[in-house]
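One structure below.
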Amino acid sequence: MGQVTVLSKRNYQDLEAALPAYLQKDITAFIEGLANRSSFLDCLYNELQGSINSAYYDNEISGETAAYLRSKYLGL
């Protein structure tokens, strides 16, 4: 059985700092959409979900990072 690694808050901040630019842009757009009560929040949500998936399947982020981002921003 593999070893489970528990990351600290600092480790997650480091993970987010190293995200691809397009993913960082979509996170920012989603956060701003939430703050502004955007009428197209569903589109921003789907765009962010797609960017997380793309970054994962293109091996730009790990599965652990993808799961963390989905949990933090998308509530999944």
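Annotations
- Residue, nearest to the chain's Cα centre (by Cα), within region 21-30, restricted to residues that are open to solvent by less than 80 Å² (accessible area, probe 1.4 Å) and over 16 Å from L76 (Cβ atoms): Q24
- Condition check for S38 on (1) open to solvent by 50 Å² or more (accessible area, probe 1.4 Å); (2) in a loop (DSSP other than H, G, I, E, B); (3) touching a helix residue (DSSP H, G or I) at 6+ places or on another chain (Cβ under 7 Å): one failure, at (1).
- Residues that are open to solvent by 50 Å² or more (accessible area, probe 1.4 Å) and more than 10 Å from the chain's Cα centre (by Cα) within region 57-76 comprise Y57, D58, N59, E60, S62, E64, G75, L76, listed in sequence order.
- Residue list for region 49-72, restricted to those being closer than 8 Å to L23 by Cβ and among the β-branched types (V, I, T): I52, I61
- Scanning region 1-35 for residues that are hydroxyl-bearing (S, T, Y), assigned to a helix (DSSP H, G or I) and at pLDDT below 95 yields a single hit, Y12.
The values are calculated or read from the model by the stated rules, or taken from the named source; none is laboratory data. Everything numeric in this text was worked out from a predicted model, so none of it was measured. Cβ: placed from backbone, ideal geometry, glycine included. Neighbour counts: every protein chain shown. Just so you know, the surface numbers come from the protein's heavy atoms only, side chains and all, with ligands and any DNA or RNA stripped out. Shrake-Rupley method; radii C 1.70, N 1.55, O 1.52, S 1.80 Å.
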